[in-house]
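Here the structure comes first, spelled out in structure tokens, and everything after it is commentary.
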Amino acid sequence: MKSVVVIDGRLVADDQACVSVFDRGFLYGDSVFEAIATRGGRPVDLQAHLARLVRSAEQVHIPMPVPWTRIAAEVDMALSTSGNAESNIRVMLTRGQGALGLDPSSAHSPLRVIIVTPLQRPPREFYEQGIGVSTYRTQRTADATDAVGAKVGNYLVAVLGMHAARAQGSEEALVLDGKGHVVEGATSNVFAVRGGVLVTPPVEAGILPGITRARLLEIARAQGIACEEKTLTVAEFLAADEVFISSSIREVVPVVRIDGTPVGGGQPGPIARRLLTAYQQWAENKA
Ligand SMILES: Cc1ncc(COP(=O)(O)O)c(C=O)c1O
């Protein structure tokens, strides 16, 4: 079990893996990235993740240094070198080195980095007992740009949201937009079950279009569960029968408290359980 780093296509020992302090990913968070988990040793939805990486790069005008298929091959090389049973895969693309000033045109060679580490899933009790989350009100400035929905390195809102959430003993922050609607988690998408209908905020709400979110909606629809994409207020989430979050690393985690108030009777709900099982089965078979 080990960590493996690939920089611009070359394997580098993890303790030797360095990038320049002039790299704009370091200076400004001027980068895009993906976080991918494996199941059965194979990356889950790798193609969808790399498609989103390409889209994110386009949105922030970072040219792809190599085709996505080459990055996929480099991910495979990193995974087989690691020998991990299950891995957490980070794929990053930065604008590369530039002058200290902000002007993006001073950077000419995008840098690509793949980091593979042993996968650490959340503790079992998160799945069995659910987690508490805290709301974090913002104006979501990224939503006012053409880069809405891009997975960019600058995670300021999420970092501040998680800082506040951890101070309150919560495991995740629920980000609210300027109108008080729940948009998504700090690093997750959010779902509610209301009268048997699965509800999640739409992509138009300025969310990161989660790969897991899309897969869960597909699985739910195939199972005959009605799905609706619309934003809900905190009060509506609190009144829901179930709430859960999704992400590639955590898959599906039930939420049982919002700002300390029990939701869904304070217990994980049946739809979250059913979707987690179905998602894991799908990932084992199809990844
Ligand atoms: C802001 C945000 N929303 C949603 C997600 C979930 O996306 P995915 O299912 O593609 O992991 C993430 C994942 O890191 C995220 O950072």
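Could you go through region 76-89 and let me know if any residue there is free of Cβ contacts under 8 Å to residues at least 24 places away in the same chain and at negative phi. Step through it out loud before you land on a result.
Going through region 76-89, the residues free of Cβ contacts under 8 Å to residues at least 24 places away in the same chain turn out to be 76, 80.
Then keep just the ones that are at negative phi; that gives 76, 80.
Yes, region 76-89 has at least one match.
Which of the residues belonging to region 27-55 are closer than 19 Å to residue 82 by Cβ, away from the ligand (no atom under 13 Å from the Cβ) and of a type in the set (Val, Ile, Thr)?
Once the filter is applied, which keeps residues that are closer than 19 Å to residue 82 by Cβ, away from the ligand (no atom under 13 Å from the Cβ) and of a type in the set (Val, Ile, Thr), region 27-55 yields only 38.
For region 207-226, which positions are within 16 Å of the ligand (Cβ to nearest atom) and either outside any helix (DSSP H, G or I) or of a type in the set (D, E, K, R) (or both)? Before you say what the answer is, go through the steps one by one.
Of the residues in region 207-226, the ones within 16 Å of the ligand (Cβ to nearest atom) are 207-220.
Residues satisfying the conditions are 207, 208, 209, 210, 213, 215, 218.
Yes or no: residue 258 within 15 Å of the ligand (Cβ to nearest atom) and not assigned by TED's automatic domain parsing to the domain that holds residue 35? Full working, then the answer.
Values: within 15 Å of the ligand (Cβ to nearest atom): no; not assigned by TED's automatic domain parsing to the domain that holds residue 35: yes.
When the stated conditions are applied, residue 258 does not pass them.
Would you list the strands (runs of 3 or more DSSP E) that sit entirely within region 97-195 and hold 3 or more residues that are outside the structural domain of residue 220 (by TED's automatic domain parsing) and under 30 Å from residue 80 (Cβ atoms)? Working first, answer last.
On the way: elements: 111-118, 131-137, 172-176, 181-185, 189-194.
The strands (runs of 3 or more DSSP E) meeting that bar are 111-118.
When you check residue 234 against the structure, is it β-branched (Val, Ile, Thr), touching a residue at least 60 places away in the same chain (Cβ under 8 Å), buried (at least 20 other Cβ atoms within 10 Å of the Cβ) and within 16 Å of residue 184 (Cα to Cα), yes or no?
On the way: β-branched (Val, Ile, Thr): yes; touching a residue at least 60 places away in the same chain (Cβ under 8 Å): yes; buried (at least 20 other Cβ atoms within 10 Å of the Cβ): no; within 16 Å of residue 184 (Cα to Cα): yes.
Answer is no for this residue.
List the residue pairs whose Cβ atoms are under 9 Å apart, where the first residue sits in region 33-62 and is under 16 Å from residue 92 (Cβ atoms) and among the aromatic types (Phe, Trp, Tyr), the second is assigned to a loop (DSSP other than H, G, I, E, B) and within 9 Å of the ligand (Cβ to nearest atom), and the two are 6 or more positions apart or on different chains.
Listed pairs, sorted by first residue: 33/151.
I'd like the residue in region 158-168 that is more than 16 Å from residue 263 (Cβ to Cβ) and small (Gly, Ala, Ser) and, out of all such residues, is nearest to the ligand (Cβ to nearest atom).
To start, the set of residues in region 158-168 that are more than 16 Å from residue 263 (Cβ to Cβ) comprises 158-164, 166-167.
Then drop every residue that is not small (Gly, Ala, Ser), which leaves 158, 161, 164, 167.
Working: 158: 6, 161: 10, 164: 16, 167: 20 Å.
So, considering only residues that are more than 16 Å from residue 263 (Cβ to Cβ) and small (Gly, Ala, Ser), the one nearest to the ligand (Cβ to nearest atom) is 158.
The values are calculated or read from the model by the stated rules, or taken from the named source; none is laboratory data. This structure is a prediction, so every number in the text was calculated from the model and none was measured. So basically every Cβ, Gly included, is an ideal-geometry build from the backbone, and we count neighbours across all protein chains shown.
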